[in-house]
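Below is one structure, written out as structure tokens; the observations come after it.
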Amino acid sequence: IGNSAFYRCSSLQSVIIPEGVTSIGDSAFFRCSSLQSVIIPEGVTSIGNSAFYRCSSLQSVIIPEGVTSIGNYAFYECSGLQSVIIPESVTSIGNGAFHGCSSLQSVIIPESVTSIGGYTFHECSSLQSVIIPEGVTSIDYCAFQGCSSLQSVIIPEGVTSIDYGAFNGCSSLQSVIIPESVTSIGNYAFFGCSSLQSVIIPEGVTRIDYYAFHGCSSLQSVII
């Protein structure tokens, strides 16, 4: 399915993608604001940049085994999206892939993923929990910024950096364990995490950048 194939088909409500399709191009269903359901078949290996950008009526999507990459802004501001299943075949989730999916409550990131792009889950205000798999080495800039319902996050061994604004504004986050592998905590990383009560910073951390824990008004103890 080529780039911009159904660009701004604002009355399109459902689509069945047939067997044999191997890729969904960039902006293929860009701003199909009435699109409620889509079936992506086995055989598709890539979902392009902005493929379902602002498909605000889309409620759920199953990404089939075989897909290896989810493009930048692929599901950007799909504000009705409540659930998504990401298969083990996916190795990368692009920048802003689920940015503004404000109804998304939970997501399981498979072990196969090695990179989580910047702004990936930015402003997913209903997201309550997330498990970041082994194999991820960095949490990019603003990846979970504005996830105001996020209460818990597990950061695995292997992550070496928590980037700029990664958990900025996660006001419901109560605790976080930073693994031994982390060497730097970026600017604004936990800015405004007003429910955060305790934090243990491991031996390997050599730098905590400015405003990293600014506004963590419930923080009672910190071990550096």
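The values are calculated or read from the model by the stated rules, or taken from the named source; none is laboratory data. Quantities reported herein were computed from a predicted structural model and do not represent experimental measurements. Virtual Cβ from ideal backbone geometry, glycine too; neighbours counted across all protein chains shown. The area values use the complete protein model at the heavy-atom level, side chains included, leaving out ligands, DNA and RNA. Shrake-Rupley method; radii C 1.70, N 1.55, O 1.52, S 1.80 Å.
Some points to look at:
- Formal net charge of residues neighbouring Gly96 (Cβ-Cβ distance under 11 Å; K, R +1; D, E -1): -3
- J(HN,Hα) series, segment 120-131, from Karplus relation 6.51 cos²θ - 1.76 cosθ + 1.60, nearest Hz, glycine and proline x: 4, 10, 4, 6, 7, 6, 9, 5, 9, 8, 8, 10
- Taking other residues whose beta carbon is less than 11 angstrom from the beta carbon of Gly66, and scoring Lys, Arg as +1 and Asp, Glu as -1, yields -3.
- Cα-based shape type of segment 119-224, given that a ≥ b ≥ c are square roots of the gyration tensor eigenvalues and the cut on a/c is 1.5: rounded
- Surface share of carbon and sulfur [accessible, 1.4 angstrom probe, percent] for the chain: 48
- [x] 34, 18, 13; [y] 27, 25, 18; [z] 30, 25, 17, with the label sought being that of the calculated semi-axes √(5λ) of the Cα gyration tensor in Å: [x]
- Residues of segment 147-188 with an amide N closer than 19 Å to a point placed 7 Å from the Cα of Ser103 along the Cα-to-Cβ direction: 147-150.
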